[in-house]
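J.: Encoded as C-alpha cells, here's the structure I'll be asking about.
We did not get these values from a lab; they are worked out from the coordinates using the rules stated. Note that the coordinates shown come from a computational prediction; the quantities given were computed from them, not determined experimentally. Quick reminder, even Gly has a Cβ in these numbers, built from the backbone with ideal geometry, and neighbours come from all protein chains shown.
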Amino acid sequence: MIYFSARGFELRGPVEGLFSGWSTVMYIYLDNNKLTGSLPANLDKETPSLLDLVLSENQLKGEVPTSLGALSNLVVLDLAGNELEGKLNPSLGSLESLSKYIVALSPFWMKTLC
C-alpha cells in the first residue's frame, strides 16, 4: 500500500500501533477523526517512506517525537487541531524536503509561538 486516506470517517481509538506494518506507505491522511493518544516514538521506523502525514483535527496529545526528524523525505506534516505539548521539535529543521509544517490552531503551539 502506498496511499491511505480515511479523512473525516470519525475513526476512534489510539494512534499507537496503528502504523505497524506500513513501511511502504508514502501518504497518510487521517485528518478530521477522533484518534487519541500520542504519536508513536518509532514512527520513522514504521513508516520510513513517508512523504505526507496529515493527522490534523484529532484528539492527539503529548509531544511530537524527535524521530519525525529522521523521516528525511517528509514533505507535509499537518498536526493542527490536536492537544500537543512540549517544545517545537528542532529535529524537524533538518528536513530539507519539508515544505508544509502545519501546527497552527493547536493551543500548545499558539502559546509556544506567542
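J.: Gaussian network model of the chain, Cα springs within a sub-10 Å range: biggest mean-square fluctuation belongs to which of Leu68, Leu95, Leu43?
T.: Looking only at Leu68, Leu95, Leu43, the largest GNM fluctuation is found for Leu95.
J.: Can you list the HN-Hα couplings for region 77-94, worked out from phi with the Karplus curve (6.51, -1.76, 1.60; θ = phi - 60°), rounded to whole Hz and with x for Gly and Pro?
T.: Running phi through 6.51 cos²θ - 1.76 cosθ + 1.60 with θ = phi - 60° gives 10, 10, 10, 4, x, 10, 10, 7, 9, x, 8, 4, 7, x, 5, 5, x, 8 Hz.
J.: Exposure proxy check: Met1, Met26 ranked by fewest other beta carbons within 10 Å? Show your work: numbers first, answer last.
T.: On the way: Met1 10, Met26 16.
Listing Met1, Met26 from fewest to most nearby Cβ atoms yields Met1, Met26.
J.: Show the residues, 5+ positions off or on another chain, whose built amide H is closer than 5 Å to the amide H of Gly81.
T.: Glu57, Ser106
J.: For the chain, what D do you get in µm² per second when you plug the Kirkwood radius from alpha-carbon pairs into Stokes-Einstein at 20 °C and 1.002 mPa s?
T.: Details: Rh = 13.9 Å.
Estimated diffusion coefficient is 154 µm²/s.
J.: Which residues make up the longest stretch of the chain that has no trypsin sites (Lys or Arg not before Pro) in a DSSP loop with at most 16 other Cβ atoms within 10 Å? Provide the component values of the computation, followed by the final result.
T.: Working: sites that count: Arg7, Lys87.
Segment 8-86 is the longest.
J.: Quick one: which residues, 5 or more positions from Tyr101 or on another chain, have an amide H under 5 Å from its amide H? H modelled 1.01 Å from N in the peptide plane, none for Pro or chain starts.
T.: Under 5 Å from the amide H of Tyr101 lie the amide H atoms of Leu77, each far enough along the sequence or on another chain.
J.: Would you compute, from DSSP H runs of 4+ residues alone, the mean residue ellipticity of the chain at 222 nm, taking -39500 (n - 2.57) per run and dividing by the full residue count, rounded to the nearest 500?
T.: Details: 2 runs with 11 residues, N = 114.
Here the helix-only value at 222 nm equals -2000 deg cm²/dmol.
J.: Where is the GNM fluctuation largest for the chain (alpha-carbon springs, 10 angstrom cutoff): Ser49, Ser38, Ser20?
T.: The residue that fluctuates most here is Ser20.
J.: While we're here: What distance in nm separates the simple spin-label points at Glu16 and Asn42, each placed 7 Å from Cα in the Cβ direction?
T.: Rounded to a tenth, the inter-label distance reads 1.3 nm.
J.: When the chain is fully extended, how far beyond the present Cα-Cα distance does Glu63 get from Glu85, taking 0.36 nm per residue of separation? Mind dumping the intermediate values first?
T.: On the way: separation 22, 0.36 × 22 = 7.92 nm, distance 0.51 nm.
The span from Glu63 to Glu85 would gain 7.4 nm if fully extended.
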